[in-house]
Amino acid sequence: MPRFAYHQFLYGSDNYGVLVHDPETQLTAAIDAGDHSAYQQALDEKGWQLSHIFITHHHGDHTEGLEALATSTGAHVYGPSGDNPGHVHIMTQLSEGDEIAFAGEQIKVLHTPGHTLDMLNFYLPTESVCFTGDTLFSLGCGRVFEGDFNMMWHSLSKLMALPSDTIIYSSHEYTEANAKFALSVDPDNQMLKDRAAEVASKRAQGQPTVPSLLSEEMATNPFLRASDSGMRAYLGMAEATDAEVFAEVRTRKDNF
């Protein structure tokens, strides 16, 4: 049984915020702070007091509410050491290999550059939970804006090395669109076909498709399947490196 309670909520058109709450200590952490009012509404709904804010990267849809949320709650703000605009409310800067103590548990910091150079993911081993920001999505991965394809593949490989039962909280509701693309590069994958149908059913009912399991992603997410012989054959890349296959898949997604 997980020790912490998790509350996921939408803001903007497709962003997900998450609150992590420990019933014993009453500590509560927010993953990102893209919209002050949405986060405050979620806190009020649950009756929780914010103590920590974990920023994954500098993009505005993850940070626009940071100043107001930090000021109104007094929460301690953790963020990337390479934070591009230099958000002044980040109190503790984090890098690869750092660990954060939260309610007596350790949160491991993974630096996963590619989408941005400062991207951080937060992994809670005792909870089997990882917050992947815009690095790994349900059936997708982030567009490579500031890094390069090799960098992004290396970052995704870090996540692929986590235990298969890891619960993946990503930051956007992109799964239905991602499924359509995934089928274009991995059309013979029956598990993917089944998952795409399940995703379509959930979205038709207004249900979220996040979080997902890493094992699901490994079996159906084309960005994690660069070594799969079937997908390689379909792409005509049987002799390519995994990084080259990933780059081809990401390029196709960019133009899909």
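Spin-label model, residue 46/residue 146: points 7 Å from Cα along the beta carbon direction are separated by 2.7 nm.
The H on the amide N of residue 102, modeled in the peptide plane, is under 5 Å from the matching H of 107, each at least 5 residues off or on a different chain. Here the relative contact order of the stretch 1-138, from alpha carbon pairs under 8 Å that lie six or more residues apart, stands at 17 percent.
Based on the inverse mean of 1/r over its pairs of different Cα atoms, what is the Kirkwood hydrodynamic radius of the stretch 1-42, in Å? Provide the component values of the computation, followed by the final result.
Numbers: mean 1/r = 0.0921 Å⁻¹.
After inverting the pairwise mean of 1/r, the radius is 10.9 Å.
Going by average Cβ density within 10 Å per residue, which order do the peptides 95-102, 57-64 take, highest to lowest? Before the final figure, lay out the partial values.
Numbers: 95-102: 13.6, 57-64: 20.4.
Most protected by this proxy first, the peptides run 57-64, 95-102.
The value for the chain of Rg(Cα) / (2.2 N^0.38 Å) is 0.99. With a Förster radius of 35 Å applied to the C-beta separation of residue 91 and residue 219, the computed FRET efficiency comes to 0.30. With Cα atoms defining each centre, the stretch 104-178 and the stretch 25-90 are spaced 19 Å apart in the structure.
Each Cα pair under 8 Å and six or more residues apart adds its separation to the average, and for the chain the resulting relative contact order is 13 percent. Our summary gives the stretch 82-227 a relative contact order of 20 percent, counting only alpha carbon pairs under 8 angstrom and 6 or more residues apart. Take the Cα radius of gyration of the stretch 89-170 and divide it by 2.2 N^0.38 Å, N being the number of residues; the result is 1.06.
If you wrap the stretch 199-255's Cα atoms in a convex hull and average its projection over all directions, what's the area in nm²?
Values: hull surface 19.6 nm².
Over every viewing direction, the Cα hull of the stretch 199-255 projects on average to 4.9 nm².
Sorting 166-173, 204-211 by their mean Cβ neighbour count within 10 Å, with the most densely packed peptide first, gives 166-173, 204-211. Residues whose amide H comes within less than 5 Å of that of residue 213, counting only those at least five positions distant or on another chain, are 168 (H built at 1.01 Å from N in the peptide plane). Report summary: the helix-based calculation at 222 nm, which adds -39500 (n - 2.57) for every DSSP H run with n ≥ 4 and divides by the residues of the chain, gives -10000 deg cm²/dmol.
Output the Kirkwood hydrodynamic radius of the stretch 44-120, Cα pairs only, in Å rounded to one decimal.
Numbers: mean 1/r = 0.0765 Å⁻¹.
Result for the stretch 44-120, one decimal place: 13.1 Å.
Within the stretch 130-254, the proportion of C-alpha pairs whose separation exceeds 24 Å stands at 20%.
Throughout, read-outs are computed from the coordinates displayed, never taken from laboratory work. Predicted model only: the values in this text are computed from it and were never measured. Here Cβ is always computed from backbone atoms with ideal geometry, including for glycine, and neighbour counts include all displayed protein chains.
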